[in-house]
Amino acid sequence: MSYVDQFIASIGFQFKKVAQWRNQTIWKSILYICSLILLVNLLVSVYRLSNPVSIKQELRLLPESYTISKDGTIHTSKIRLIRLPQIDTLLTIGETKPSPSESQGLKNVVVLGEKKWAVGRVGYPLKEMSYDTFPPLLNEKDGILSKKEIVELSGKIDQIVKFYAPIYQYARVALNLIIHIILISLLAFAGRSFRKMVPITYGEAWTITAYGITAPIVLFTLIQLMGLNIPILPVLYWVTVGIFSLWTIRQIDTETEEKALEK
């Protein structure tokens with residue numbers, strides 16, 4: 001059976017068909033999940049890299065009086081949100097903590113508040129620091145950055161982001177692939193625990209679990225492309241994979257019973 005047929009059967013939750021593939025070589029299953037994960041992540045990466053945002057252009061909209069010093073920043077009546085999808089980052093100016101809706105679809109946060117600046121991950125407490133530790137100020141003798149200097153600096157940061165964004169996306173895809181292989185292997189151990197009731201080896205359980213990621217990863221990719229951020233989604237993702245695996249293994253038992261009745 002071709003990979004396209006296997007994809008269609010897996011995304012359609014055709015458990016009996018998937019159960020029939022358990023005897024295929026494990027390398028075919030590994031190639032399937034690697035191809036699927038690389039394909040969907042490539043789609044997400046190309047989408048993000050093709051829609052870059054310039055920090056310099058956004059910071060030009062700041063008032064002329066805006067400065068950053070070791071004492072803090074000048075108050076701005078308008079909060080600015082700069083989304084950088086190419087590196088999964090949100091830069092906020094004039095706010096201490098972005099709301100969940102503002103950071104939707106992104107993973108990293110950099111905040112330039114009036115008194116403190118902060119960095120962290122979306123959904124987790126941010127690490128707040130005084131502007132005495134703000135890297136761009138460390139080389140400033142007077143300890144102040146004017147708007148002109150901030151805009152010039154942001155142009156250099158744009159070039160750095162442009163260079164490192166593809167590397168970041170490559171690392172993100174590689175990490176995603178490694179995590180999938182590890183968790184599939186762990187879930188396969190859980191599926192193998194049914195061997196007393198169902199004649200199944202670890203390799204067969206691994207193959208079945210591997211095909212279980214098909215529907216969740218397609219849905220997960222669509223959610224990413226829409227820019228949504230659902231905190232509980234990774235848990236639901238792997239719960240779905242686990243249920244798919246266990247239900248498919250149950251079909252092996254059904255399949256064995258049917259063959260016994262035919263005899």
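Brief remarks follow.
- Over region 68-145, relative contact order from alpha-carbon pairs under 8 Å, at least 6 apart, %: 29
- Per-residue [θ]222 nm for the chain (sum of -39500 (n - 2.57) over DSSP H runs n ≥ 4, rounded to 500): -18000 deg cm²/dmol
- Between region 49-125 and region 198-247, the Cα center-to-center distance that results, in Å: 34
- Binning all Cα-Cα separations of region 161-208 at 10 Å, short to long from zero, yields these whole-percent fractions: 26, 31, 19, 15, 8, 2.
- Least to most buried among Ser101, Ser146 (fewest other Cβ within 10 Å first): Ser101, Ser146
- Flagged links, alpha-carbon separation over 18 Å, of Lys56/Lys141; Lys70/Lys141; Lys70/Lys147; Lys70/Lys116; Lys56/Lys162; Lys107/Lys127: Lys56/Lys141
- The slack in the chain from Ser69 to Arg250, taken as 0.36 nm per residue of separation less the alpha-carbon distance, amounts to 58.7 nm.
- Taking Cβ atoms as reference points and 14 Å as the exclusive limit, the residues near Tyr168 contribute a net charge of +3, counting Lys and Arg as +1 and Asp and Glu as -1.
- Where Rh is the Kirkwood radius over Cα pairs, Rg/Rh for region 114-192: 1.21
- Nearest-0.05 FRET efficiency for Ser193 and Trp27, computed from C-beta distance (R0 30 Å): 0.80
- Computed extension length for Arg80-Gln57: 7.1 nm, one decimal, from 0.36 nm per residue of separation with the Cα-Cα distance subtracted.
- Bins of 5 Å from zero: percent of alpha-carbon pairs in region 109-263: 2, 7, 11, 13, 12, 10, 9, 8, 7, 6, 5, 4, 3, 2, 1, 1, 0, 0
- Neighbour-limited loop hits for GluC sites (Glu not before Pro), region 51-136 (at most 11 other Cβ within 10 Å; DSSP other than H, G, I, E, B): Glu64
- Fewest-first ranking of Trp247, Trp206, Trp27, using other Cβ atoms within 10 Å as the exposure measure: Trp27, Trp247, Trp206
- For Val110, residues with placed amide H under 5 Å, excluding near neighbours: Leu90, Leu91, Thr92
- Region 68-145, Cα convex hull volume normalised per residue, Å³: 86
- Calculated diffusion of region 1-106, Stokes-Einstein form, Kirkwood radius summed over Cα pairs, 10 °C and 1.306 mPa s, µm²/s: 87
- For the chain, diffusion coefficient by Stokes-Einstein and Kirkwood Rh (Cα), 20 °C, 1.002 mPa s, µm²/s: 100
- Each residue in Leu61, Leu38 was given a count of other beta-carbon atoms within 10 angstrom of its own, and listing them fewest first yields Leu61, Leu38.
- Computed from the Cβ-Cβ distance with R0 of 51 Å, the FRET efficiency linking Gln20 to Ile167 stands at 0.80.
Any read-out appearing in this document is the output of simple, stated calculations on the displayed coordinates, not a laboratory observation. The shown structure was predicted, so the numbers you read here are calculated from the model rather than taken from an experiment. Don't worry about glycine lacking a Cβ; one is built from the backbone with ideal geometry, like all the others, and counts go over all protein chains shown.
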